[in-house]
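In what follows, a structure is listed as structure tokens, so that the remarks can point back to it.
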Amino acid sequence: EIGLALPGGSAKLPGMARKLRIRYDGAICPFKFSGNVLMIANRTAAATGKAYLLFSGLTPLPPYMYRDMVDGKSYPEQEITDWFCPLTSVYDFKLSEELRGKGRQVWWYVCCGPTYPYANFASFEYPWIEGRLLGWMTRLYRSDGLLFWHVNFWPDMPPLKTGDTFLAEWKADTGLRMPGDGQLLYPTEEGPVPCVRLVNVRDGAEDYEWLVMLERKRGRKAAEKAASGLIRSMTDFDRDSERLRAARARIADDLERSGK
């Protein structure tokens, strides 16, 4: 679905909705108005893309992102979207560079997939360090961003009592065999608290910034060499925390020497 905000308030929206339905023969189905926002549910992703192009000729819009779950290569939406976002397991470096050459961004994402041997932090059954290593992968493979769908997916759950270590009332989401998916923050009586997976994602973002700094100081090859010491491919990488800390220490030494 896509939400489109138009100037002039909600008065214009019914007419715009009718125009869309007529033009695309019901492929686009408006389903909700909220103030000056029209929410559109698509029956096909291509139809949503066409709706975006139609509205973009009427009013300035934010970038349109398409999240592609299955295949990184064969969808026409890659020619419509401003930001294309395949699953990490089907990220295509050559295609991504071609799209960036046209002025677009190419992100990637994880959620209930991909599964082992790919890195993922959606499930608390996966090694927590994988959330951190995705920061290194994101920089090494030049992805413009890492998307994750939800961090506080706990509807109707009571706040956790942090003084108790046995949380009988808490039930982790186990959809698609990824327990903990969408639950990187947990509700407590004092407010939300992060899980260890989210802490690793934060550390991976910091490692990403160190690689950016190293590239600015020493060049792209130096940054890629630092990352490839841990990351040999999307399915072959070190999950050893000591090796990661050693790689980070080497980056710190390089940055200090470059700063003198």
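The values are calculated or read from the model by the stated rules, or taken from the named source; none is laboratory data. Keep in mind it's a predicted model, so treat the numbers as computed, not measured. Here Cβ is always computed from backbone atoms with ideal geometry, including for glycine, and neighbour counts include all displayed protein chains. The area values use the complete protein model at the heavy-atom level, side chains included, leaving out ligands, DNA and RNA. Shrake-Rupley method; radii C 1.70, N 1.55, O 1.52, S 1.80 Å.
Is it the case that region 93-100 has a residue that's more than 21 Å from Met65 (Cα to Cα) and either open to solvent by 50 Å² or more (accessible area, probe 1.4 Å) or out of contact with any helix residue (DSSP H, G or I) (no Cβ under 7 Å at 6 or more places or on another chain) (or both)?
no
Would it be correct to say that Phe148 is at pLDDT 95 or above and within 20 Å of Pro86 (Cβ to Cβ)?
no
Any idea which residue in region 164-215 is farthest from Ser123 (Cα to Cα), counting only those that are of a type in the set (Lys, Arg) and at pLDDT 95 or above?
Of all residues in region 164-215, those of a type in the set (Lys, Arg) come to 171, 177, 197, 202.
Then keep just the ones that are at pLDDT 95 or above; that gives 197, 202.
Working: Arg197: 9, Arg202: 16 Å.
Within region 164-215, the match that is farthest from Ser123 (Cα to Cα) is Arg202.
Please enumerate the residues belonging to region 191-239 that are β-branched (Val, Ile, Thr) and part of a helix (DSSP H, G or I).
Hits for region 191-239 are Val196, Val199, Val201, Val212.
It is to be established whether one or more residues within region 201-212 are surrounded by 13 or more Cβ atoms within 10 Å (Cβ to Cβ) and over 24 Å from Cys111 (Cβ atoms).
Yes, region 201-212 contains at least one residue that is surrounded by 13 or more Cβ atoms within 10 Å (Cβ to Cβ) and over 24 Å from Cys111 (Cβ atoms).
Just to be sure, is Gly131 within 21 Å of Val199 (Cβ to Cβ), touching a Lys or Arg at 6+ places or on another chain (Cβ under 7 Å), in contact (Cβ under 8 Å) with a residue 12 or more places away in the chain and part of a helix (DSSP H, G or I)? Spell out the reasoning first.
Numbers: within 21 Å of Val199 (Cβ to Cβ): yes; touching a Lys or Arg at 6+ places or on another chain (Cβ under 7 Å): yes; in contact (Cβ under 8 Å) with a residue 12 or more places away in the chain: yes; part of a helix (DSSP H, G or I): yes.
When the stated conditions are applied, Gly131 passes them.
Among the residues of region 152-163, write down those that are touching a Ser or Thr at 6+ places or on another chain (Cβ under 7 Å) and either at pLDDT below 80 or among the hydrophobic types (A, V, I, L, M, F, W, C) (or both).
Step one: of region 152-163, the residues touching a Ser or Thr at 6+ places or on another chain (Cβ under 7 Å) are 159-160, 162.
Leu160, Thr162, listed by residue number.
Read through the list (1) part of a loop (DSSP other than H, G, I, E, B); (2) in contact with a strand residue (DSSP E or B) (Cβ under 6 Å, 6 or more places away or on another chain); (3) under 22 Å from Thr88 (Cα atoms), then give the number of the only condition that Thr162 fails.
So the condition that Thr162 fails would be (3).
Any idea which residue in region 228-245 is nearest to Met137 (Cα to Cα), counting only those that are open to solvent by less than 70 Å² (accessible area, probe 1.4 Å) and in contact with an Asp or Glu (Cβ under 9 Å, 6 or more places away or on another chain)?
The qualifying residue nearest to Met137 (Cα to Cα) is Ile231.
Residues in region 134-157: is at least one loosely packed, with under 14 Cβ neighbours inside 10 Å, over 18 Å from the mean Cα position of the chain (by Cα) and not in a helix (DSSP H, G or I)?
yes
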